Amino acid sequence: MTEQNDRAPAPDAAEHDAFFPSPYSLSQYTAPKTDFDGADYPDAYTGGKWKVLMIATQERYLLMGNGKFFSTGNHPVETLLPMLHLDRAGFEIEVATISGDPVKLEHWAFPHQDEAVKATYAKYLQRFRTPKKLSDLVDDLEGGHYLGVFIPGGHGALNGLPFSKEVGKVLDWAMANERYVISLCHGPAGLLAAGLGKEAADFPFRGYEMCVFPDSLDAGANVEIGYLPGPMPWLLGERLTQAGVKIVNADMSGMVHRDRRVLTGDSPLAANQLGKLAARTLLDDVARR
(Lines give C-alpha, C1' and ligand atoms only; values in the text may rest on other atoms or scores of the structure.)
Protein backbone atom coordinates (compact mmCIF):
# COMPACT_ATOMS: atom_id res chain seq x y z
CA MET A 1 0.00 0.00 0.00
CA THR A 2 1.41 3.38 -0.95
CA GLU A 3 1.72 6.09 1.66
CA GLN A 4 -0.79 8.19 -0.30
CA ASN A 5 -3.41 5.42 -0.21
CA ASP A 6 -2.57 4.65 3.39
CA ARG A 7 -3.59 8.20 4.30
CA ALA A 8 -6.81 8.11 2.30
CA PRO A 9 -10.00 7.82 4.40
CA ALA A 10 -11.44 4.31 4.14
CA PRO A 11 -14.89 4.00 2.53
CA ASP A 12 -17.80 2.89 4.70
CA ALA A 13 -19.90 0.69 2.44
CA ALA A 14 -22.99 1.18 4.61
CA GLU A 15 -23.56 4.80 3.50
CA HIS A 16 -22.99 6.81 0.33
CA ASP A 17 -19.93 9.04 0.50
CA ALA A 18 -19.12 7.99 4.07
CA PHE A 19 -15.65 7.22 5.39
CA PHE A 20 -13.75 5.72 8.29
CA PRO A 21 -10.33 7.10 9.29
CA SER A 22 -7.40 6.15 7.08
CA PRO A 23 -5.18 3.19 8.01
CA TYR A 24 -2.28 5.54 8.67
CA SER A 25 -4.28 7.74 11.03
CA LEU A 26 -5.50 4.72 12.97
CA SER A 27 -1.90 3.56 13.37
CA GLN A 28 -1.17 6.92 15.00
CA TYR A 29 -4.32 7.34 17.10
CA THR A 30 -5.34 3.86 18.26
CA ALA A 31 -3.70 1.07 20.24
CA PRO A 32 -4.67 -2.47 21.27
CA LYS A 33 -4.41 -1.58 24.97
CA THR A 34 -5.04 1.56 27.01
CA ASP A 35 -3.00 2.99 29.88
CA PHE A 36 -5.43 1.55 32.43
CA ASP A 37 -3.42 0.78 35.57
CA GLY A 38 -6.03 -0.34 38.05
CA ALA A 39 -9.15 0.97 39.74
CA ASP A 40 -8.91 0.22 43.44
CA TYR A 41 -11.45 2.10 45.53
CA PRO A 42 -11.48 0.70 49.09
CA ASP A 43 -14.13 3.27 50.01
CA ALA A 44 -16.37 2.38 47.05
CA TYR A 45 -19.91 3.65 47.38
CA THR A 46 -22.38 1.02 48.60
CA GLY A 47 -25.42 3.15 49.38
CA GLY A 48 -27.31 2.29 46.21
CA LYS A 49 -28.79 5.77 45.81
CA TRP A 50 -26.45 7.96 43.78
CA LYS A 51 -26.05 7.30 40.07
CA VAL A 52 -24.32 8.80 37.05
CA LEU A 53 -26.30 9.69 33.93
CA MET A 54 -24.31 9.09 30.76
CA ILE A 55 -25.63 10.93 27.68
CA ALA A 56 -24.27 9.21 24.58
CA THR A 57 -24.81 9.78 20.88
CA GLN A 58 -27.16 7.68 18.76
CA GLU A 59 -25.80 9.21 15.56
CA ARG A 60 -23.30 7.44 13.30
CA TYR A 61 -22.62 9.95 10.53
CA LEU A 62 -21.27 13.48 10.90
CA LEU A 63 -21.71 15.65 7.80
CA MET A 64 -18.41 17.36 7.06
CA GLY A 65 -17.80 20.75 5.49
CA ASN A 66 -17.21 19.20 2.06
CA GLY A 67 -20.44 17.18 2.05
CA LYS A 68 -18.85 13.84 2.93
CA PHE A 69 -19.86 11.81 5.97
CA PHE A 70 -17.50 10.82 8.77
CA SER A 71 -18.45 7.42 10.18
CA THR A 72 -18.08 8.19 13.86
CA GLY A 73 -19.93 7.88 17.19
CA ASN A 74 -18.59 7.89 20.74
CA HIS A 75 -14.94 6.93 21.14
CA PRO A 76 -14.82 3.59 23.00
CA VAL A 77 -11.83 4.48 25.19
CA GLU A 78 -13.29 7.86 26.08
CA THR A 79 -16.56 6.14 26.94
CA LEU A 80 -15.47 2.95 28.67
CA LEU A 81 -12.46 3.98 30.77
CA PRO A 82 -14.32 6.69 32.70
CA MET A 83 -17.25 4.27 33.04
CA LEU A 84 -14.90 1.61 34.39
CA HIS A 85 -13.66 3.86 37.19
CA LEU A 86 -17.13 5.13 38.09
CA ASP A 87 -18.44 1.56 38.09
CA ARG A 88 -15.60 0.28 40.29
CA ALA A 89 -16.21 3.21 42.62
CA GLY A 90 -19.71 1.85 43.16
CA PHE A 91 -21.87 4.19 41.08
CA GLU A 92 -24.60 2.81 38.85
CA ILE A 93 -24.40 4.29 35.36
CA GLU A 94 -27.66 4.95 33.56
CA VAL A 95 -27.17 5.21 29.78
CA ALA A 96 -29.35 7.52 27.70
CA THR A 97 -29.50 8.91 24.17
CA ILE A 98 -31.68 11.71 22.85
CA SER A 99 -33.86 9.35 20.82
CA GLY A 100 -33.56 6.18 22.88
CA ASP A 101 -31.89 4.53 19.89
CA PRO A 102 -28.71 2.48 20.48
CA VAL A 103 -25.42 4.12 21.39
CA LYS A 104 -23.00 4.35 18.48
CA LEU A 105 -19.33 3.60 19.19
CA GLU A 106 -16.29 4.02 16.96
CA HIS A 107 -15.42 0.34 17.02
CA TRP A 108 -12.42 0.94 14.80
CA ALA A 109 -10.80 2.48 17.91
CA PHE A 110 -11.70 -0.36 20.29
CA PRO A 111 -8.69 -1.65 22.32
CA HIS A 112 -9.28 -5.35 21.72
CA GLN A 113 -6.39 -6.53 23.90
CA ASP A 114 -7.49 -4.55 26.95
CA GLU A 115 -9.32 -6.99 29.19
CA ALA A 116 -10.58 -4.36 31.65
CA VAL A 117 -12.13 -2.28 28.90
CA LYS A 118 -13.61 -5.35 27.23
CA ALA A 119 -15.19 -6.42 30.52
CA THR A 120 -16.77 -2.99 31.01
CA TYR A 121 -18.16 -3.08 27.49
CA ALA A 122 -19.64 -6.53 28.06
CA LYS A 123 -21.22 -5.41 31.34
CA TYR A 124 -22.94 -2.40 29.77
CA LEU A 125 -23.61 -3.78 26.30
CA GLN A 126 -27.32 -4.24 26.88
CA ARG A 127 -27.63 -0.66 28.14
CA PHE A 128 -25.82 0.56 25.03
CA ARG A 129 -28.24 -1.39 22.87
CA THR A 130 -31.37 -0.27 24.74
CA PRO A 131 -30.61 3.09 26.38
CA LYS A 132 -33.13 5.32 28.09
CA LYS A 133 -34.79 8.05 26.04
CA LEU A 134 -33.59 11.35 27.47
CA SER A 135 -37.00 13.03 27.28
CA ASP A 136 -38.34 10.29 29.59
CA LEU A 137 -35.85 11.32 32.27
CA VAL A 138 -35.77 15.11 32.24
CA ASP A 139 -39.04 15.65 34.11
CA ASP A 140 -37.74 13.91 37.24
CA LEU A 141 -33.97 14.33 37.33
CA GLU A 142 -34.07 14.75 41.10
CA GLY A 143 -35.83 11.41 41.39
CA GLY A 144 -33.10 9.85 39.26
CA HIS A 145 -30.57 10.60 42.02
CA TYR A 146 -27.89 11.58 39.54
CA LEU A 147 -24.75 12.82 41.25
CA GLY A 148 -23.00 13.37 37.92
CA VAL A 149 -23.67 13.74 34.20
CA PHE A 150 -21.11 12.14 31.87
CA ILE A 151 -20.88 13.06 28.17
CA PRO A 152 -18.23 10.90 26.46
CA GLY A 153 -16.16 12.07 23.53
CA GLY A 154 -15.81 11.07 19.92
CA HIS A 155 -16.72 13.30 16.96
CA GLY A 156 -20.24 11.88 17.17
CA ALA A 157 -20.84 14.15 20.16
CA LEU A 158 -21.17 17.02 17.66
CA ASN A 159 -24.28 15.31 16.28
CA GLY A 160 -27.48 16.29 18.00
CA LEU A 161 -26.24 16.84 21.54
CA PRO A 162 -25.32 20.55 21.18
CA PHE A 163 -28.77 21.27 19.72
CA SER A 164 -30.92 19.25 22.14
CA LYS A 165 -33.24 21.04 24.54
CA GLU A 166 -33.32 17.88 26.67
CA VAL A 167 -29.52 17.88 27.03
CA GLY A 168 -29.75 21.56 27.95
CA LYS A 169 -32.35 20.81 30.64
CA VAL A 170 -30.13 18.12 32.17
CA LEU A 171 -27.15 20.46 32.29
CA ASP A 172 -29.15 23.35 33.69
CA TRP A 173 -30.44 21.06 36.42
CA ALA A 174 -26.96 19.73 37.19
CA MET A 175 -25.47 23.19 37.49
CA ALA A 176 -28.35 24.50 39.61
CA ASN A 177 -28.26 21.52 41.98
CA GLU A 178 -24.53 21.14 42.61
CA ARG A 179 -24.10 18.00 40.53
CA TYR A 180 -20.98 17.17 38.50
CA VAL A 181 -20.49 17.44 34.76
CA ILE A 182 -17.85 15.09 33.33
CA SER A 183 -16.69 15.16 29.71
CA LEU A 184 -13.66 14.88 27.46
CA CYS A 185 -12.33 15.38 23.94
CA HIS A 186 -15.33 16.32 21.73
CA GLY A 187 -17.86 15.53 24.45
CA PRO A 188 -17.95 19.15 25.69
CA ALA A 189 -19.81 19.94 22.46
CA GLY A 190 -22.85 18.72 24.36
CA LEU A 191 -22.39 21.50 26.92
CA LEU A 192 -23.36 24.02 24.25
CA ALA A 193 -26.93 22.77 24.63
CA ALA A 194 -27.08 24.65 27.94
CA GLY A 195 -26.94 27.90 25.96
CA LEU A 196 -29.95 27.22 23.74
CA GLY A 197 -32.46 30.05 23.92
CA LYS A 198 -30.34 32.02 26.39
CA GLU A 199 -28.49 35.31 26.24
CA ALA A 200 -24.72 34.88 26.08
CA ALA A 201 -24.31 36.12 29.64
CA ASP A 202 -26.63 33.36 30.90
CA PHE A 203 -24.66 30.42 29.49
CA PRO A 204 -24.02 28.41 32.69
CA PHE A 205 -20.48 27.42 31.67
CA ARG A 206 -19.41 30.95 30.83
CA GLY A 207 -16.10 31.67 32.56
CA TYR A 208 -15.29 27.99 33.15
CA GLU A 209 -11.93 26.46 32.27
CA MET A 210 -12.03 23.22 30.28
CA CYS A 211 -9.85 20.74 28.39
CA VAL A 212 -11.16 19.81 24.93
CA PHE A 213 -9.79 18.27 21.75
CA PRO A 214 -7.56 20.83 20.02
CA ASP A 215 -9.06 22.68 17.06
CA SER A 216 -5.57 22.82 15.54
CA LEU A 217 -5.67 19.06 14.93
CA ASP A 218 -9.23 18.96 13.57
CA ALA A 219 -8.46 21.84 11.22
CA GLY A 220 -5.03 20.53 10.21
CA ALA A 221 -3.40 17.16 10.82
CA ASN A 222 -6.64 15.17 11.15
CA VAL A 223 -7.59 16.13 7.60
CA GLU A 224 -4.04 15.82 6.24
CA ILE A 225 -3.55 12.25 7.51
CA GLY A 226 -7.06 11.15 6.54
CA TYR A 227 -8.52 10.71 10.00
CA LEU A 228 -11.31 12.99 8.82
CA PRO A 229 -12.72 12.86 5.26
CA GLY A 230 -12.93 16.66 5.05
CA PRO A 231 -13.00 19.88 7.05
CA MET A 232 -15.10 19.99 10.20
CA PRO A 233 -18.59 21.52 9.94
CA TRP A 234 -17.58 23.68 12.92
CA LEU A 235 -14.77 23.71 15.44
CA LEU A 236 -15.48 22.81 19.04
CA GLY A 237 -12.89 24.95 20.78
CA GLU A 238 -13.83 27.97 18.71
CA ARG A 239 -17.52 27.57 19.49
CA LEU A 240 -16.90 27.09 23.23
CA THR A 241 -14.55 30.08 23.32
CA GLN A 242 -17.22 32.21 21.66
CA ALA A 243 -19.61 31.08 24.41
CA GLY A 244 -17.21 32.29 27.09
CA VAL A 245 -15.35 29.09 28.00
CA LYS A 246 -11.58 29.26 28.57
CA ILE A 247 -9.75 26.37 26.88
CA VAL A 248 -6.70 25.49 29.00
CA ASN A 249 -4.94 23.03 26.68
CA ALA A 250 -3.29 23.78 23.35
CA ASP A 251 -2.45 20.21 22.37
CA MET A 252 -3.36 16.57 23.02
CA SER A 253 -1.32 15.38 25.99
CA GLY A 254 -3.74 13.58 28.29
CA MET A 255 -4.47 16.66 30.37
CA VAL A 256 -7.41 16.68 32.77
CA HIS A 257 -8.83 19.68 34.59
CA ARG A 258 -11.37 20.45 37.29
CA ASP A 259 -13.11 23.80 37.53
CA ARG A 260 -15.64 23.74 40.35
CA ARG A 261 -17.94 20.81 39.47
CA VAL A 262 -16.91 20.51 35.83
CA LEU A 263 -14.32 17.79 35.09
CA THR A 264 -12.81 17.60 31.60
CA GLY A 265 -10.05 15.89 29.63
CA ASP A 266 -8.41 16.63 26.30
CA SER A 267 -8.50 13.34 24.36
CA PRO A 268 -8.46 9.52 24.62
CA LEU A 269 -5.12 9.97 26.36
CA ALA A 270 -6.99 11.59 29.25
CA ALA A 271 -9.68 8.91 29.64
CA ASN A 272 -7.99 6.92 32.41
CA GLN A 273 -7.01 9.96 34.46
CA LEU A 274 -10.42 11.57 33.98
CA GLY A 275 -12.04 8.37 35.20
CA LYS A 276 -9.88 8.44 38.32
CA LEU A 277 -10.62 12.12 38.90
CA ALA A 278 -14.35 11.60 38.46
CA ALA A 279 -14.52 8.54 40.70
CA ARG A 280 -12.48 10.18 43.47
CA THR A 281 -14.45 13.43 43.23
CA LEU A 282 -17.82 11.70 43.47
CA LEU A 283 -16.70 9.48 46.33
CA ASP A 284 -15.45 12.49 48.27
CA ASP A 285 -18.76 14.24 47.62
CA VAL A 286 -20.77 11.26 48.88
CA ALA A 287 -18.65 11.16 52.02
CA ARG A 288 -19.43 14.82 52.70
CA ARG A 289 -23.13 14.28 52.08
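Structure data summary
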| quantity | calculated |
| --- | --- |
| Relative contact order [Cα under 8 Å, 6+ residues apart], segment 37-149, whole percent | 35 |
| Cα extents of the chain along the three principal axes, largest first (Å) | 59, 46, 34 |
| Long-range amide H partners of ALA18 with built H, under 5 Å | ASP12, PHE69 |
| Principal axis dimensions, largest first and in whole angstrom, of segment 1-148 by Cα | 57, 37, 22 |
| Relative contact order of the chain, pairs being alpha-carbon contacts under 8 Å that are 6 or more residues apart, as % | 22 |
| Net charge of neighbours whose Cβ lies under 9 Å from the Cβ of ASN74, counting Lys and Arg as +1 and Asp and Glu as -1 | -1 |
| GluC sites (Glu not before Pro) restricted to segment 170-213 and DSSP loop, no more than 13 other C-beta within 10 Å | GLU178, GLU199 |
| Local electrostatic count at LYS33 - Lys and Arg +1, Asp and Glu -1, tallied over other residues with Cβ under 13 Å | -3 |
| Phi to ³J(HN,Hα) by Karplus 6.51 cos²θ - 1.76 cosθ + 1.60 over segment 146-160, Hz, x for Gly, Pro | 8, 8, x, 10, 10, 10, x, x, x, 4, x, 5, 6, 8, x |
| For PHE213, residues with placed amide H under 5 Å, excluding near neighbours | CYS185, HIS186 |
| Fraction of accessible area attributable to carbon and sulfur, segment 34-100 (%, probe 1.4 Å) | 45 |
| Heavy-atom accessible surface of segment 113-224: percent carbon and sulfur, 1.4 Å | 47 |
| Under the Karplus curve 6.51 cos²θ - 1.76 cosθ + 1.60, θ = phi - 60°, whole-Hz ³J(HN,Hα) for segment 210-223, x wherever Gly or Pro sits | 9, 9, 9, 5, x, 4, 4, 6, 5, 8, x, 4, 5, 7 |
| Proximal charge balance of LEU235 [Cβ under 11 Å; K/R count +1, D/E count -1] | -2 |
| Length released on extending from ASP40 to LYS118, taking residue separation times 0.36 nm less the Cα-Cα span | 26.3 nm |
| Entries in LYS51/LYS118; LYS68/LYS198; LYS49/LYS246; LYS123/LYS276 that, when Cα-Cα distance is taken, lie over 30 Å | LYS68/LYS198; LYS49/LYS246 |
| Inter-site label distance for LEU125 and GLU238 at 7 Å from Cα along Cβ, in nm | 4.1 |
| In sequence order, calculated HN-Hα J values of segment 27-34 (Karplus, 6.51, -1.76, 1.60; Hz; x Gly/Pro) | 5, 8, 10, 10, 8, x, 9, 9 |
| Under 5 Å, built H, 5+ apart or other chain: amide partners of TYR41 | none |
| Solvent-accessible area of ASP35 with every protein chain in place, 1.4 Å probe, in Å² to the nearest 10 | 80 |
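The values are calculated or read from the model by the stated rules, or taken from the named source; none is laboratory data. Keep in mind the model is a prediction, meaning the values are calculated, not measured. Please note: Cβ atoms are built from the backbone with ideal geometry, for glycine as well, and neighbour counts cover all protein chains shown. Side chains included, ligands, DNA and RNA excluded: accessible areas come from the protein's heavy atoms. Shrake-Rupley method; radii C 1.70, N 1.55, O 1.52, S 1.80 Å.
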